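The values are calculated or read from the model by the stated rules, or taken from the named source; none is laboratory data. Just so you know, these numbers come straight off a predicted model, no measurement behind them. Cβ placement follows ideal geometry from the backbone for every residue including glycine, while neighbour counts extend to all protein chains displayed. In case anyone asks, the SASA skips ligands and DNA or RNA and just uses the protein heavy atoms, side chains included. Shrake-Rupley method; radii C 1.70, N 1.55, O 1.52, S 1.80 Å.
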Amino acid sequence: MAPRPYWKGYLKLSLVTCPVAMSPATSESEKVRFHTLNRATGNRVVSQYIDSVTGKPVKDENEAKGYARGENDYVILTDEDLDSVALDTVRTIDIEKFVPADSIGWTYLEKPHYLTPDDPVGQEAFSVIRDAMKASKVVGVSKLVIGRRERAVILEPRDEGIVLWTLRFGDEVRPEESYFEGIDPDCEKDALPLVEKLIKQRTKHWSPTMVTDPIQEALLALIEEKKKALKPKKTTKGKKSEAAPASNVVNIMDALRKSVEKDLKSRKAG
């Protein structure tokens, strides 16, 4: 079952408007999370805001945002003040322009969200915008306020819905040229067919099971052991690390041939 959307508003293209709902396409709820405890009592530790001068806790209703205009001198802004400067993009995704779907570098893509129609009446308008982008092989460019910050976003048609990506701003992406300029553009021509053969042998259809978190799995196993254990388990001495090879200089052709042969043998054995 899909989780409840955390944002609702309108998708607009010129005079065409339809109500939509947006939900994060990714989740971190399955990750192992820890609470900070008092080791002596086993009780959870809570955090709270403390007045830096009086040393007394600050009540929730007395918290406010402050903009520093000098040392120990702030302009105080309440939630009402911040809401008063809300932009239209708080509730409307107005598609301002379109760009070719393959023209945006992956480094600019930040976080994906699923965009779906939020009213049966608006489904037709939603579908027309989605299918028109598919046919034109473009993505829509717009803006949206998330967390009181206006973000640049793109809208990518995907199956029956639309994926909305928040984008990193241009000054947040470092130019690749400054990192890649010292790399030799030429490669060993004789090695190329072997690498291509190795790539072909290892090419499979994408599956989410290809990217698992071994640390997460190890943590879950450790927690399960802790639950079952009545007494602290004695730690065993770590295995001795294998001796390092005398030299890390290898012949690339030999290494590639061995890799191809190893892959072939493992496939025949399987």
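Summarising the strand pairing of segment 1-129, around 85 percent of its internal DSSP beta bridges are antiparallel. Taking all protein chains as present, what is the carbon and sulfur share of the accessible area of the chain, in % to the nearest whole number, probe 1.4 Å? Of the solvent-accessible surface of the chain, carbon and sulfur hold 55 percent.
Here r is the Cβ-Cβ distance between Phe34 and Lys204 and R0 is 41 Å; the resulting FRET efficiency, rounded to 0.05, is 0.70. When the C-alpha to C-alpha distance is required to be over 24 Å, the pairs from Lys31/Lys200; Lys111/Lys143; Lys134/Lys200; Lys31/Lys143 that qualify are Lys31/Lys200; Lys134/Lys200; Lys31/Lys143.
Longest stretch of the chain clear of exposed loop sites (trypsin sites (Lys or Arg not before Pro), DSSP loop, at most 16 other Cβ atoms within 10 Å, sites excluded): 92-136.
Calculated from DSSP H runs of 4 or more alone, at -39500 (n - 2.57) each and per residue, what is the 222 nm mean residue ellipticity of the chain, nearest 500? Please report the intermediate quantities before stating the final value.
Values: 6 runs with 68 residues, N = 270.
Calculated at 222 nm, the ellipticity per residue is -7500 deg cm²/dmol.
Extending 7 Å from Cα along the Cβ direction at Glu150 and again at Arg267 yields two label points whose distance is 5.4 nm.
A straight Cα-to-Cα reach below 13 Å connects Lys59 with the aspartates and glutamates Asp51, residues fewer than 8 places away in its own chain not being considered.
Tell me the per residue accessible area of the chain using a 1.4 Å probe; a whole number in Å² is fine.
Numbers: 22680 Å² over 270 residues.
Per-residue accessible area for the chain comes out at 84 Å².
Each residue, Val195 and Thr107, gets one label point 7 Å from its Cα in the Cβ direction; the gap between the two is 2.1 nm. With each label modelled as a point 7 angstrom along the Cα→C-beta vector, the Thr212-Val46 pair spans 4.0 nm.
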